[in-house]
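First the structure, in the form of structure tokens, and then the observations on it.
Taken together, the values in this text are just the output of simple stated rules run on the coordinates, not laboratory data. Just so we're clear, the structure is a prediction, and the values are computed from it rather than from any experiment. As a convention, Cβ positions derive from the backbone with ideal geometry for all residues, glycine included, and neighbour counts pool all protein chains shown.
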Amino acid sequence: MAPVKTAHRNRLRYGYGYLYSRNHLERALKLEEEVLVFRKKVIGEHHPDTLTSMGNLTLTYHDLGKFEHAQKLAEEVLVLCKKFSGEHHPNTLTSSGNLALIYDALGKLNSTQKLEGEESMA
């Protein structure tokens, strides 16, 4: 990867972390969406770093109260992590935990319990 692209990617990622840590969630969301588009274009849609960006975006949606957006994306991330990383990979388990958090926020207790049951079998 060209140094310019790497430097730009790192600035975006650290900029997001800075904004998020200071509770500028709307600005962080915009930057995080930009990072996701960039990663999909440069390293591919199924690269672990792209999936991590998608997972981070689900949590930002959650923190902003955009639970339906968060759920849709978290379900997609979990499917992709299972497919490309495997059922027992740490990223897959993290994705499952993120989805459980979102289900809990939506009051979907049965869905949360089902995910927790799957994790304990892993």
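Highest mean packing first, where packing is the average number of other Cβ atoms within 10 Å per residue, the peptides 29-36, 63-70, 97-104 line up as 97-104, 29-36, 63-70. The alpha carbon radius of gyration of the stretch 67-113, expressed as a multiple of 2.2 N^0.38 Å, is 1.08.
Cross-link list Lys40/Lys108; Lys82/Lys114; Lys66/Lys108; Lys82/Lys108; Lys40/Lys114: which exceed 27 angstrom alpha carbon to alpha carbon? Cα-Cα > 27 Å for Lys40/Lys108; Lys40/Lys114; rest within.
Give, as a single signed number, the net charge of other residues whose beta carbon lies under 13 Å from the beta carbon of Thr58, with Lys and Arg counted +1 and Asp and Glu -1. Walk me through the intermediate numbers first.
Details: positive: Lys66, Lys72; negative: Glu32, Glu33, Asp63, Glu68, Glu75, Glu76.
Charge balance near Thr58 sits at -4.
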